[in-house]
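Taking it in order: structure first as structure tokens, then the write-up.
Coordinate-derived values only; no laboratory data. Keep in mind that what you see is a predicted model, and the values were worked out from it rather than measured. Note that we place each Cβ from the backbone using ideal geometry, even for glycine, and neighbour counts take in every protein chain shown.
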Amino acid sequence: MSYVITGGMLLLCSIQDIKRKSISVQLLIIAGLLVTITILVFPGNISLLSRMTAAVTGFGVVILSKIVRGQIGSGDGYAMMIIGIGTGAEDLFLLLCFALLLSGVFSAVLLVAGKGRRYQFPFIPFLFLAFLLVFILKQMT
């Protein structure tokens, strides 16, 4: 159940990130609360340690965002915290690897198209695509 809420949050955040280049704090708070409540009601088989490890990873991205002065959006880190709480560390790390791979391919296409190295694009849509990929791969196994 937490996967459905997490996927819905990522879809809405992706749309917002593409349109406004920012993510609604209210949406993140609501999604975080819904994921937490869902986990309390339907704990599943993901350990608390796995969920907390993933949340700390997302928080690390928030801190990194402050260090690099916004070159990485803090909303990306907050979204990763929620994803991690909902899916656990293993899925978050797999999802992050796929998202980085997809965004790297997109960056290469932009470079070939002549957009330049300073072109900024939203990362949440890549997290959403990676989330779908991980979800499909898990269903197949």
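Electrostatic bookkeeping for Gly60 treats Lys and Arg as +1 and Asp and Glu as -1; over the other residues with beta carbon under 14 Å from its beta carbon, the sum is 0. Taken about its Cα centre, segment 2-140 carries a charge dipole of about 540 debye when Lys and Arg each add +1 at the Cβ and Asp and Glu each add -1 at the Cβ. Compared with the dominant Cα axis of the chain, that is its longest principal axis, helix 48-67 is turned about 30°.
FRET efficiency for the pair Leu111 and Leu64, taken as 1/(1 + (r/R0)^6) with r the Cβ-Cβ distance and R0 = 25 Å, rounds to 0.60. Each residue in Cys13, Cys97 was given a count of other beta-carbon atoms within 10 angstrom of its own, and listing them fewest first yields Cys97, Cys13. Between Val25 and Cys97, the simple label model (points 7 Å from Cα in the Cβ direction) yields a spacing of 3.5 nm. Note on the chain: GNM, Cα springs under 10 Å; of Gly114, Gly44, Gly60, the largest mean-square fluctuation is that of Gly114.
At an R0 of 22 angstrom, the distance between the Cβ atoms of Lys138 and Ser47 translates into a FRET efficiency of 0.85. The trypsin sites (Lys or Arg not before Pro) found in segment 50-81 that occupy coil by DSSP, while having at most 14 further C-beta atoms within 10 Å, are Arg69. An oblate overall shape is assigned to segment 59-141, the ratio a/c of its alpha-carbon gyration tensor axes (a ≥ b ≥ c) being 1.5 or greater and a/b not exceeding b/c. The phi-based Karplus calculation (6.51 cos²θ - 1.76 cosθ + 1.60; θ = phi - 60°) puts the 3J(HN,Hα) values of segment 16-21 at 4, 5, 5, 6, 10, 6 Hz, whole numbers, x for Gly and Pro.
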